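Before any comments, here is the structure.
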Amino acid sequence: MFMSKSSASLDILPETAVSALETLGSHLRIARERRGDSLKTMAARMGTSIPTLRRMEAGDARVSIGVYAAALWIFGKSETLAEILKPGDDEYATMLDVNRASRKRA
């Protein structure tokens, strides 16, 4: 029987993040099915096992980001990973930068 390592980050994962992973997994499953790929074919293309692919499609947070990256690459979407948390799009960090700059002038 497979036992994965427990991670504190998984224990504190908020419901919104769990829901986002479930949605991503569902989207990946739909994309695979629309292309007519079986679990076996897709798992082989990704270099992973069918059980891992099933877990990923179910939104299991224990699946490594590398497996998700492989799936995104297959669907021509791997560049979307680089867009996550782009410094220019981080409004909160920009606000902190402005506040720090304002304090330096004072």
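The values are calculated or read from the model by the stated rules, or taken from the named source; none is laboratory data. As the structure is a prediction and not an experimental result, all values here were calculated from the model. No Cβ is skipped: glycine too gets one built from the backbone with ideal geometry, and neighbour counts run over all protein chains shown. Accessible surface areas use protein heavy atoms only, side chains included; no ligands, DNA or RNA. Shrake-Rupley method; radii C 1.70, N 1.55, O 1.52, S 1.80 Å.
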Q: Considering every residue within the range 49-60, establish whether at least one is in contact (Cβ under 8 Å) with a residue 24 or more places away in the chain and over 17 Å from the mean Cα position of the chain (by Cα).
A: yes
Q) Within the range 53-72, restricting attention to residues that are closer than 20 Å to residue 15 by Cβ and touching a Gly at 6+ places or on another chain (Cβ under 7 Å), which residue is surrounded by the fewest Cβ atoms within 10 Å (Cβ to Cβ)? A) 58
Q. Assuming residue 28 fulfils every condition listed in (1) among the hydrophobic types (A, V, I, L, M, F, W, C); (2) in contact with a helix residue (DSSP H, G or I) (Cβ under 9 Å, 6 or more places away or on another chain); (3) open to solvent by 80 Å² or more (accessible area, probe 1.4 Å) apart from one, which condition is it?
A. (3)
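Looking only at residues in the range 73-96 that are over 30 Å from residue 44 (Cβ atoms), in a helix (DSSP H, G or I) and aliphatic (A, V, I, L, M), which one is least open to solvent (accessible area, probe 1.4 Å)?
The extreme case among them is 93.
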